[in-house]
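J.: Below you will find the structure I want to go over with you.
The values are calculated or read from the model by the stated rules, or taken from the named source; none is laboratory data. Just so it is clear, the model here is predicted, and its values are computed rather than measured. For neighbour counting, all protein chains shown are included, and Cβ atoms are generated from backbone atoms with ideal geometry for every residue, glycine included.
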């Protein structure tokens, strides 16, 4: 009832995860990178596709007990990948841009993860 | 070709925008707030529904000239609401939680904007 159908556009993909990770932006979105090299840090939004299933998206409580006395933690009080909308957000250090590839430090996503947005940070 | 169809779940709505703004979370997602009051700052992801149209979502360059000599800025180097996926991200100060309502400081969204995620910040 409260849902809308929204089409998430994949603008790129995590090509490699390492100390320096590599993000590849698809050709049709390359223009949007203009001047991004002005920033030392950028925010990356990614679609945690491995959790895009009814089980992962219906979890509202973490499965591990909280570290304080009573009960569990709600997913909105965490960065758990299990959440109604499996969107990950990370601020990374932008090391360099080479054409369609961004080289970044500090990305906590898996190889193959779709990228859905980048923002100056 | 690079698009996927993903259903964005609306977990709440911006009820009021002011010095202290009010976010209302829908009853079916309330459990996910458990322990959120432990945090002074939270990250809010919202769906900029007013820009969810082909015009807004096809912009890759800002419409205002950049403040440096040459050209314009790509949307991924900005926080422009015009971008392939109209998702806004803001870190706000969590003032209090009263049942289904979060009272927050620093929210830059319009009244009526759908909320799609909250994370500890």
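J.: Read through the list (1) part of a loop (DSSP other than H, G, I, E, B); (2) surrounded by 19 or more Cβ atoms within 10 Å (Cβ to Cβ), then give the number of the only condition that residue A:104 fails.
T.: (1)
J.: Here are the criteria: (1) out of contact with any strand residue (DSSP E or B) (no Cβ under 8 Å at 6 or more places or on another chain); (2) more than 10 Å from chain B (Cβ to nearest Cβ). Tell me which single one residue A:80 does not satisfy.
T.: Residue A:80 satisfies every listed condition except (2).
J.: Moving to a separate point now. How about the range A:23-40: which of its residues are facing chain B (nearest Cβ under 7 Å) and either at pLDDT 95 or above or buried (at least 16 other Cβ atoms within 10 Å of the Cβ) (or both)?
T.: A:26, A:29, A:31, A:32, A:33, A:34, A:35, A:36, A:39 - these are the residues of the range A:23-40 that are facing chain B (nearest Cβ under 7 Å) and either at pLDDT 95 or above or buried (at least 16 other Cβ atoms within 10 Å of the Cβ) (or both).
J.: Within the range B:5-17, count every residue that is out of contact with any strand residue (DSSP E or B) (no Cβ under 9 Å at 6 or more places or on another chain) and modelled with pLDDT under 95.
T.: 0
J.: Now for a separate question. Can you tell me which residue is nearest to the chain's Cα centre (by Cα) among those in the range B:1-60 that are closer than 14 Å to residue A:74 by Cα, assigned to a loop (DSSP other than H, G, I, E, B) and in contact (Cβ under 8 Å) with a residue 60 or more places away in the chain?
T.: B:11
J.: Let me ask another. Check off (1) surrounded by 15 or more Cβ atoms within 10 Å (Cβ to Cβ); (2) at pLDDT 95 or above; (3) over 30 Å from residue B:27 (Cβ atoms) for residue A:99 and give me the number that stays unchecked.
T.: (1)
J.: Of the conditions (1) part of a loop (DSSP other than H, G, I, E, B); (2) closer than 16 Å to residue A:120 by Cβ, residue B:89 clears all except one; give me its number.
T.: Here residue B:89 clears every test but (1).
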